[in-house]
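Undergrad: If you scroll down you'll find the structure; I have some questions about it.
The values are calculated or read from the model by the stated rules, or taken from the named source; none is laboratory data. Here the structure is a predicted model, which means the values were calculated and not measured. FYI the Cβ positions are ideal-geometry reconstructions off the backbone, even for glycines, and counts take in every protein chain you see.
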Amino acid sequence: MNSIQRVLASLTFGKSEHGLPDRIPTFPVPLMQGALVYKCTVAEYFAMPATKIAEAQVQINQMYDGIPDGVAGIPNVIQDVTAFGLGLKYHYQNSTPAVDGMCIHNFDDIQSLPTPSYEKSPTLRKTCDIISTLASGIGKEKVVIGAAIAPFSLPSMIMGTSKWMRLLFTPKLRDRHFHRIMGICKTFVIEWANAQLQAGAHVVILADGMASATMLPRNMFQRYALPVIKDTIAAINGMVAYEAVGCIEPFIDCFSDAGAIAMLIGEEDDIGKCKQALQGKVGVIGNVNNMKMRRWSPARIELQAKSAIRQGKPGYGFILANQGPEIPFDVSLEGIGALIRSVEKYGRYEPAAELALA
């Protein structure tokens, strides 16, 4: 069973043509670690040609004996803002990139904001080339992963979080600007996600940090965020996984029919309860804390992964991963290996035993 078959078998809860998965799949996200392959800084790595970035992700996969079931085709998710004419900056050496400035300074700027296209961004066009390179090679057996900032969260990246929250919670501003900014962001994200799928990505992750229970009360989520999420997923021509980038368990019941194939959850979300609420319709991906991995020993990371596997293993529909968006640069390679190799130690299914319990 190769990785693509394993993932499909898992996310269909053993009911597809691929039958039962042999083990829990794993999707670590070592985006920045490609810099270690070339012994350069993260900024220098992200500036490399698409083929070099793709080769680094393949080498990282092979470094762990090909156990990881997915390879990331996107160098970072923040890059989406480049379609709006914004740049990226690094606050310190080997940091994740951050947005360099905003393109909406006053709320009235929304009314004149044009809908961007990924094709106008050399950065995003290069990402399509990375995905295409991976798809034509390792993508024959590994899941190639794309990603985009979800429409409901994208405004926070181009106007700032405080300004976006003020718009959401001020009725006068919301009535005037919400539908326009959502229309712009939905159009862009749908085009960008479909471009990644066309380039060869098997799945696109929508990262939605502003739509979680960490940020919104339930009534606001259901009225304003959920319709945007459902409309966006419905318009994307392929598999979509949804990542709340915050606590989502209080809203998880809203996603059993949202159209996503899987939910990426965080450490604060209970794996078992999330699986139960999704009723065997949607898979769960998670949930080892990526930031805490920075100070955990490999043994501690393995212990956390083992706990996640114990919760997610029954009934299939679970993929082990770090909490998003990526593994920090200063997590040791041994620590990443402890996360990855735990699926071989603790995540194997025994088909006869599983069938007996069915």
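Undergrad: If I go through the range 315-340 residue by residue, how many of them are of a type in the set (D, E, K, R) and either crowded, with 18+ Cβ neighbours inside 10 Å or in contact with a strand residue (DSSP E or B) (Cβ under 9 Å, 6 or more places away or on another chain) (or both)?
TA: Final tally of qualifying residues: 1.
Undergrad: Also, quick follow-up: Tell me whether the range 175-185 contains one or more residues that are surrounded by 21 or more Cβ atoms within 10 Å (Cβ to Cβ) and closer than 30 Å to Pro28 by Cα.
TA: Scanning the range 175-185, I find at least one residue that is surrounded by 21 or more Cβ atoms within 10 Å (Cβ to Cβ) and closer than 30 Å to Pro28 by Cα, so the answer is yes.
Undergrad: Moving on. Could you list all residues from the range 53-87 that are in a strand (DSSP E or B) and among the hydrophobic types (A, V, I, L, M, F, W, C)?
TA: Val71, Ala72
Undergrad: Then there's this: Check Tyr92 against each of (1) surrounded by fewer than 20 Cβ atoms within 10 Å (Cβ to Cβ); (2) in contact (Cβ under 8 Å) with a residue 12 or more places away in the chain; (3) not in a helix (DSSP H, G or I); (4) not polar (S, T, N, Q) and name the one condition it does not meet.
TA: Only one criterion is unmet by Tyr92, namely (2).
Undergrad: Can you go through Lys163, Lys142 and tell me which one is farther than 28 Å from Ile261 by Cα and among the basic types (Lys, Arg)?
TA: Details: Lys142 fails: farther than 28 Å from Ile261 by Cα.
From the options Lys163, Lys142, the qualifying one is Lys163.
Undergrad: Test each condition in (1) touching a Leu at 6+ places or on another chain (Cβ under 9 Å); (2) touching a residue at least 60 places away in the same chain (Cβ under 8 Å) for Ile138 and report the one that comes out false.
TA: For Ile138, the failing item is (1).
Undergrad: Let me ask something else. Looking at the range 36-58, which of the residues that are among the small types (Gly, Ala, Ser) and crowded, with 17+ Cβ neighbours inside 10 Å is nearest to Ala72 (Cα to Cα)?
TA: From the range 36-58, those among the small types (Gly, Ala, Ser) are 43, 47, 50, 54, 56; that's our starting set.
Applying the additional criterion that residues be crowded, with 17+ Cβ neighbours inside 10 Å yields 50, 54, 56.
Values: Ala50: 12, Ala54: 9, Ala56: 11 Å.
Restricting to residues being among the small types (Gly, Ala, Ser) and crowded, with 17+ Cβ neighbours inside 10 Å, the top hit is Ala54.
Undergrad: Moving on to the next point. Looking at Ala244, Ala258, Ala235, Ala211, which one is modelled with pLDDT of 95 or more, touching a Gly at 6+ places or on another chain (Cβ under 9 Å) and small (Gly, Ala, Ser)?
TA: Checking each option against the conditions leaves just Ala211.
Undergrad: Taking the range 189-220 on its own, how many of its residues are within 14 Å of Phe255 (Cα to Cα) and surrounded by 22 or more Cβ atoms within 10 Å (Cβ to Cβ)? Full working, then the answer.
TA: First, pick out the residues of the range 189-220 that are within 14 Å of Phe255 (Cα to Cα): 206, 208, 211-213, 218.
Still in the running and surrounded by 22 or more Cβ atoms within 10 Å (Cβ to Cβ): 206, 208, 211-212.
Number satisfying all stated conditions: 4.
Undergrad: Please specify each residue of the range 240-250 satisfying the condition of being in contact (Cβ under 8 Å) with a residue 40 or more places away in the chain and out of contact with any Pro (no Cβ under 8 Å at 6 or more places or on another chain). Explain how you work it out, then say what you get.
TA: Step one: list which residues in the range 240-250 are in contact (Cβ under 8 Å) with a residue 40 or more places away in the chain, which gives 240-243, 245.
Selection gives Val240, Ala241, Tyr242.
Undergrad: Still on this model: I'm checking my understanding of the structure. Among residues of the range 250-296 that are farther than 19 Å from Tyr316 by Cα and of a type in the set (A, V, I, L, M), which one is surrounded by the fewest Cβ atoms within 10 Å (Cβ to Cβ)?
TA: This residue is Met291.
Undergrad: Let me confirm something: among Asn2, Asn106, which residue is surrounded by fewer than 17 Cβ atoms within 10 Å (Cβ to Cβ), modelled with pLDDT of 95 or more and within 20 Å of Leu320 (Cα to Cα)?
TA: Criteria check complete, one pass: Asn2.
Undergrad: Where the second residue is outside any helix (DSSP H, G or I) and surrounded by 16 or more Cβ atoms within 10 Å (Cβ to Cβ) and the first is without any contact (Cβ under 8 Å) to a residue 60 or more places away in the chain and lies in the range 297-309, which pairs have Cβ atoms under 7 Å and are six or more apart or on separate chains?
TA: That search, which allows pairs on different chains as well, returns Ile301/Val288; Gln304/Val288; Ala305/Val288; Ala305/Leu320; Ala308/Gly286; Ala308/Asn287; Ala308/Val288; Ala308/Leu320.
Undergrad: Moving on to the next point. Is at least one residue of the range 65-74 modelled with pLDDT of 95 or more, over 20 Å from the mean Cα position of the chain (by Cα) and more than 26 Å from Thr187 (Cα to Cα)?
TA: Yes, that holds for at least one residue.
Undergrad: Same structure, new question: Being on the phi > 0 side of the Ramachandran plot and not aromatic (Phe, Trp, Tyr) narrows it down to one residue among Gly200, Gly183; which is it?
TA: Gly200
Undergrad: Could you please find all residues in the range 265-286 being of a type in the set (S, T, N, Q) and modelled with pLDDT of 95 or more?
TA: Gln276 - this is the single residue of the range 265-286 that is of a type in the set (S, T, N, Q) and modelled with pLDDT of 95 or more.
Undergrad: Collect the residues in the range 109-155 that are part of a strand (DSSP E or B) and in contact with a Ser or Thr (Cβ under 7 Å, 6 or more places away or on another chain), keeping them in residue-number order.
TA: Val143
Undergrad: May I ask you to say which residue of Ala148, Ala98 is under 21 Å from the mean Cα position of the chain (by Cα), surrounded by fewer than 16 Cβ atoms within 10 Å (Cβ to Cβ) and aliphatic (A, V, I, L, M)?
TA: Only one candidate passes the filter, namely Ala98.
Undergrad: Give the residue that is surrounded by the most Cβ atoms within 10 Å (Cβ to Cβ), with candidates limited to residues of the range 9-35 that are at pLDDT 95 or above and charged (D, E, K, R).
TA: Within the range 9-35, the match that is surrounded by the most Cβ atoms within 10 Å (Cβ to Cβ) is Arg23.
Undergrad: How many residues does the range 17-66 hold that are touching a Leu at 6+ places or on another chain (Cβ under 7 Å) and small (Gly, Ala, Ser)?
TA: Here the count works out to 1.
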